[in-house]
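**Q** Take this structure first; my questions come after.
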Amino acid sequence: MDALPNPAALGETWCHLIEQQYGDRLTPEALAEVREGVAELLTTVAALRAVPLDNSIAPGLVFVPYRPEE
């Protein structure tokens, strides 16, 4: 899969949106933590996208909903 187009710009956009939406309730320290969290998420996303997966590869876990006996 392709790499993220521009992780730094994407992170800045996310942080800007979060600040616009919740900035009045977040302290500067909390906003700094948000920025760190976004950076960690983007690092994880980049690592996941670096793993080549073909569409034919099934998920490791298949969800089977519980259905009580009728």
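**Q** Calculate the spin-label point distance for Glu12 paired with Arg49, positioning each point 7 Å from the Cα along the beta-carbon direction, and give it in nanometres.
**A** Inter-label distance under the simple model: 1.7 nm.
**Q** Next up: Label the chain by shape, choosing from rounded, prolate and oblate, from the square roots a ≥ b ≥ c of the eigenvalues of the Cα gyration tensor; if a/c is under 1.5 it is rounded, and otherwise prolate applies when a/b is larger than b/c, oblate when it is not.
**A** Verdict is oblate for the chain.
**Q** What number, rounded to the nearest 500 deg cm²/dmol, is the helix-based mean residue ellipticity at 222 nm of the chain, given -39500 (n - 2.57) per DSSP H run of at least four residues and division by all its residues?
**A** My calculation for the chain gives -18500 deg cm²/dmol from helical runs alone.
**Q** Under a 1.4 Å probe, what is the accessible area of the chain per residue, stated in Å²?
**A** 91
**Q** How would you rank 24-36, 46-58, 8-20, highest first, on the average number of other Cβ atoms within 10 Å across their residues?
**A** In decreasing order of mean packing, 24-36, 46-58, 8-20 become 8-20, 24-36, 46-58.
**Q** Would you mind checking the tilt of helix 28-49 against the longest principal axis of the Cα atoms of the chain, expressed as 0 to 90 degrees and rounded to 10?
**A** For 28-49 against the chain, the angle is about 40 degrees.
**Q** With angles folded into 0 to 90 degrees, how steeply does helix 7-22 sit against the dominant principal axis of the chain? Use alpha carbons for both and round to 10.
**A** Here the helix axis deviates by roughly 70 degrees.
The values are calculated or read from the model by the stated rules, or taken from the named source; none is laboratory data. Just so we're clear, the structure is a prediction, and the values are computed from it rather than from any experiment. In this analysis, Cβ positions are derived from the backbone assuming ideal geometry, glycine residues included, and neighbour counts consider all displayed protein chains. These area figures cover heavy atoms from the full protein model, side chains too; ligands, DNA and RNA do not enter into them. Shrake-Rupley method; radii C 1.70, N 1.55, O 1.52, S 1.80 Å.
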